[in-house]
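I have placed the structure first, in the form of structure tokens, so that the comments after it can refer back to it.
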Amino acid sequence: MTINQRLDLRQAQTLVMTPQLQQAIKLLQLSNQELAEYVEREIEQNPLLERDDGPEPDVSERTIDTFADGEAPAAPSDVSSEVALSSAMPEAADTPVDTNDANLYESAEDYLPWRGAGGDFDEEGRSLEETAAAKAPTLREHLFDQLSVDIEDPVDRMIGAHLIDLLDESGYLTGDLAEVAQQLGCPPERVSATLKLLQRLDPVGVFARSLGECLALQLAERGRFDPAMQVMVERLDLLAKRDLGQLMKLCGVDAEDLKEMIAEIKTLNPKPGSAFDQSMVQPVIPDIIMRPQPGGDWMIELNTETLPRVLVNTRYYSRVSKDAKKKDEKDYLSERFQAANWLVKSLHQRATTILKVATEIVRQQDAFFRRGIQHLKPLILRDIADVISMHESTVSRVTTNKHMATPRGLYELKYFFTAAIASAEGGEAHSAEAVRFRIKSLIDAEKLEDVLSDDKLVEMLKADGVDIARRTVAKYREAMKIPSSVQRRREKAMQI
């Protein structure tokens, strides 16, 4: 067998992401604060970019008409955001960002490396201190991370999101639970039950409404909240006045025991939220604003305060390009001009895409906004993607780190996506959260002589048109920390 060398030339077609699409996708998934920081870096490094400090443009908005329950809403028409644009912008600036857009792909043969200065999103070159500071979570971020993992029920998560926003810097709950219940359209008992779940989160003692409750939560976590300690926590005023004699009498302990109890109290943290760097706490600014209109319609508009406004300085480009003699100078100006134009286009596409997704979410969840959290409909990414003709991954990016101010509060868009339970009559499916809410309501209303078993709950739910299995009812009940019917009957009997 003869071994020889041979040179072959082969041609192949391969699809790759263009740098322009990569930039558009990366901008889409940034929060408004991260976007502002990124644009600021681009302005500093691109001499052809400048801030638009002129009059604020008209706000991009959509009006959503009222539609009857069960009626399929019409697909939203194309929308455009009034973002400051240059006359040198590429065409089709109103096209939303979508990973299905084949026009933003090109063959590997034609692919030219393009990378705008400061636009690589890398962490290379950042100091250790900067990286550590950027990744240090705030109290709010720390609690939201636990909320999405430890609390399964999305209704409880939505209530929890409200309560997290009511915490002060020390981790104390400052709002009124009755007002939260009224805003969300749910019973106050449901908000109180969710609060108990939140009080199990780290750091221990967070979500307390008073110093006594904060200390009680920490003592309970240690297994030290006995009756004597409970009395001491309730009478912290006597401890502050050093009235030890009265404390010993009320707690029913001697001087030695009281000394140990006071030592235990001193080891507790009266401000559990203070362990987090308060200088890094940033207020959540909504990307979308939703307002009711006369006649029952909804107005959906972008928050222009979160939209960086930049322009391409074409006059400066024309002037300096005439003076450029060397090839590297011309190449640099051309690359900077292309980068500036694509940044402006990407910002416009980002705003258009966010508005389009938010508009359809409001259409789908109209009943929740009008009648309360128990009417939250089942919704998945595909439901939105199919209506607005986008890829699910695009919808996923839009709904992460994007917030909408609604008449029922401030929500991250991803909180409107829930699982579905089939209808017993073959009609429209029910939200899993609404079914959980119904189970909780039925159990809260039961009496000692008629404690509801899981089988009975299944019958009652099917009578309401919810086709659900017994094991699913048991799963939802256990997820809500509700005891079995036998345990509930015993507890009710002991309270009599």
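Mind checking which lysines have their Cα closer than 25 Å to the Cα of K462? Skip sequence neighbours fewer than 8 apart in that chain.
Straight-distance partners of K462: K377, K440, K447, K475, K481.
Determine the gain in length on full extension of the stretch A463-K241; use 0.36 nm per residue of separation and subtract their C-alpha separation, reporting nm with one decimal.
On the way: separation 222, 0.36 × 222 = 79.92 nm, distance 6.04 nm.
Stretched out fully, the A463 to K241 stretch lengthens by 73.9 nm.
With the crude spin-label approximation of a point 7 Å out along Cα→Cβ, what separation in nm comes out for E141 versus R319?
So the label points at E141 and R319 sit 4.2 nm apart.
Gain in length, E152 to T400, computed as 0.36 nm per residue apart minus the alpha-carbon separation, to one decimal in nm?
Details: separation 248, 0.36 × 248 = 89.28 nm, distance 1.83 nm.
Once the chain is fully extended between E152 and T400, it gains 87.5 nm.
Between the DSSP loop rule and a limit of at most 11 other Cβ atoms within 10 Å, which trypsin sites (Lys or Arg not before Pro) in segment 220-262 are left? Don't jump to the answer; show the numbers that get you there.
On the way: sites: R222, R224, R235, K241, R242, K249, K259; in loops: R224, R235, K241, R242.
Taking segment 220-262 and a limit of 11 other Cβ atoms within 10 Å, the loop trypsin sites (Lys or Arg not before Pro) found are K241, R242.
Here is the link list: K196/K402; K271/K356; K196/K266. Which ones come out longer than 31 Å on Cα distance? Present the calculation step by step, with values, prior to reporting the outcome.
On the way: K196/K402 28 Å; K271/K356 43 Å; K196/K266 24 Å.
Over 31 Å apart, Cα to Cα: K271/K356.
By the scheme Lys and Arg +1, Asp and Glu -1, what is the net charge of all other residues having a beta-carbon under 15 Å from that of R315? Walk me through the numbers before you get to the answer.
Values: positive: R319, K322, R336; negative: E50, D52, D323.
Value of the local net charge: 0.
Starting from the Cα of K322, draw a straight line to each of the lysines and keep only those under 17 Å, dropping any in the same chain fewer than 8 residues away.
By straight Cα distance, K322 reaches K330.
Hey, for a label at Q33 modelled as a point 7 Å past Cα toward Cβ, could you say which residues of segment 161-190 have their backbone N under 17 Å away?
Taking a point 7 Å out along Cα→Cβ of Q33, the residues of segment 161-190 whose backbone N falls under 17 Å are 164-171.
On full extension of the chain, what length is gained from N303 through K196, given 0.36 nm per residue of separation minus the C-alpha to C-alpha distance?
Values: separation 107, 0.36 × 107 = 38.52 nm, distance 3.45 nm.
Using 0.36 nm per residue and subtracting the Cα-Cα distance, I get 35.1 nm.
Under a straight-distance cross-link criterion of Cα-Cα below 16 Å, which lysines are reachable from K249, leaving out those fewer than 8 residues away in the same chain?
K241, K259
Which shape class, rounded, prolate or oblate, goes with segment 202-272 when its Cα gyration tensor gives a ≥ b ≥ c as root eigenvalues, a/c under 1.5 marks rounded, and past that a/b bigger than b/c marks prolate?
Here segment 202-272 falls in the prolate category.
Since every read-out is calculated from the coordinates, none of them should be taken as a lab result. From a predicted model like this one, the values you see are computed outputs, not experimental measurements. Cβ coordinates were reconstructed from backbone atoms using ideal geometry, including for glycine residues, and neighbour counts include every protein chain displayed.
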